[in-house]
Amino acid sequence: MKKIIKFIENTFVPYVNEVKSHQLRITKYKIENMFRLKIRITRDKLHTRALEQVNVAGIENAGSSAISYWISKIAKIGIYNQLFIKSRDIYKQNKPGGRILAADGTVISTHMHNKHGISKGSLTVCALLNIDTQLFHDYMIADDCNEHTSLIKQVLKCTRDDLIIADRNYGKYCLLAQLYGHVGFLVRISKNMNIYKNFINSPEYSVIIDYNHNGVKMRLKLIKYVISKATRERIKTYMFDIKQSSNDDDESVFVLCTNNLNMSEEIAGQLYRRRWNIETGFRALKSNFDVRTPVKVSNCNTITEMVEYTVGLSIIMYNISQHIKYTRDSEKRECRFSHCAIQTRYMLEQIIINPSLINITNLIHELSHRLKTHLIRSIRWITMWGNHIKNRGRYKSKKTIESLNKVDNTK
C-alpha cells in the first residue's frame, strides 16, 4: 500500500488544494464539500445525488442550482494531466521491452448536442488497458463514436516498443497502415479482407506477406488462431450480451495480423487471449462507477466537460481500486473488486476532510482491515425445478475471463 500512500500524498492532496483555491471568497457552501459529494455519487445508480447530499456535512440544504454550479466549476479544472497520468503509474513493472496494451471502446449514454446542434444520445470511451498491471493506460472520449481516430491519437503517445492488441473491429487496412511504423500491433482481421481470404485456405499456420495500401508498404505476419467449439460459444454469448455479435465469431479459426515478424504462433495466441482483460475492465468500471450514464440531465451548459470529468474521475478511482485488489491478491487475501471500489471512494472523501499524512496512513491501514477475504460459496437453491447448487461470489465477467484463458486450441 506504500505506492497508494505516495500517490495520494504527492498527487491527490495537491489536486485537492488546487480545487480549494478556485473558491476565491467565503460563501455559504465550500467547494471541497461539493468535491466530496462528487466522489460519493460516482456510482452506477440513479438518484445518488439526492441520496448522498444529506450525508455530506455543510451542503445538506443546498439547492440543485448551487450544487450544479460548484460541480461544473470543479469540472473545468481538468483531471487528465493532474491525476490520471500519475494514477496509471501507481504500479510500474521493471521489465525489459515496451508495454502491452489492449485497445477497445465502450458506449456510454448521454444527452447532448454536437457542434452542429444535432442531438446525440451516446458517446464512446476509447481506452488502452495495460494487461500486465490491469490499469487503464489512456482514455479518450470520441464525440463521433469513431474508435479508429481515437486510437491513432492515443498511439502518438506510445513508443515503437509498445504492443497494441485489438479485436476484429480494428482490423482495417487504413488503420493498420497508420499504425505501421509507429507502434507494434496484434490485430484480429475480419474475414472480408483479401489477405484473410488468401491465407485461410492455405495449409500454413503462419505466413509473412507484403502489402501496399495507398503507398504504405507493409510487411506483415499472419497467424492462424484455432479455438475450440466451447470457447467459441462463450465468445458468441459474451458478444451477444454487449450487443456486438457478428458472423465473424462463428469461425473456428481466427486470423491474427502483426508487424512483429518474430512473434511465434504460441505467443500470439497467449497475447490475444489476454486482450479479454479490457472487456472485464470495462464491465467492472461500469458496474462500480458512474460511467454508464455519467450525466443524468440534459440542460447542463457544460455537459461535455462534465462527461469528460466524470469518466476521468471514475477511471482514476478504478486504477486505485485495481491496485488495491492486486496487492491483496498477491498476498493471497483475495477480495471483491466492488469492495475495493467502495473503500476507495470512502478513503478519498476522508482525505479531502483531513489531508494530513498521518490521516492518509491510518486510512490506508483501516481500508486494509475493512476488506474481507472473498470466499466462493456454494449455496443450494430449492426451486420448483428441484435442488440446484449455484456458485456465488464472482462477477460474470470474472467467469468469462477465466474460461477464455483456459482455451483448448483444438477444433
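Computed from the coordinates by the stated procedures, all read-outs in this text should not be read as laboratory data. Just so it is clear, the structure is predicted and the values come from calculations on it, not from any experiment. Because the Cβ atoms are built from the backbone with ideal geometry, glycine has one as well, and the counts that use them run over all protein chains shown.
Summary table below
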| item | result |
| --- | --- |
| Those GluC sites (Glu not before Pro) in the range 1-71 that DSSP places in a loop and that have at most 12 other beta carbons within 10 Å | E60 |
| Net lengthening on full extension, I77/S202 (0.36 nm per residue, minus Cα-Cα) | 39.4 nm |
| Of the trypsin sites (Lys or Arg not before Pro) in the range 124-192, those whose Cβ has at most 16 other Cβ within 10 Å and which sit in DSSP loop | K157, R160, K172 |
| Unit charges on C-beta of K, R, D, E only; dipole of the range 96-284, Debye | 160 |
| Whole-number Å³ per residue for the convex hull built on Cα positions in the range 96-284 | 137 |
| Whole-Å semi-axes of the range 136-189's equivalent ellipsoid (Cα gyration tensor) | 16, 14, 10 |
| Out-of-range pairs (alpha-carbon distance over 27 Å; input K92/K172; K38/K120; K197/K217; K92/K224; K38/K286; K286/K325) | K92/K172; K92/K224 |
| Top positive-direction residue, dipole computed over the range 62-101 with Cβ charges, set S87, I74, G97 | G97 |
| Inter-probe distance in nm under a simple model that places probes 7 Å from Cα toward Cβ, at V107 and E233 | 2.8 |
| Listed residues A177, L222, T106: farthest to the positive end of the dipole of the range 96-284 (Cβ charges) | A177 |
| Residues L220, L156 arranged by fewest to most Cβ contacts within 10 Å | L156, L220 |
| Coil-residue trypsin sites (Lys or Arg not before Pro) of the range 12-99, DSSP, other Cβ within 10 Å capped at 13 | R25, K28, K45, K76, K92 |
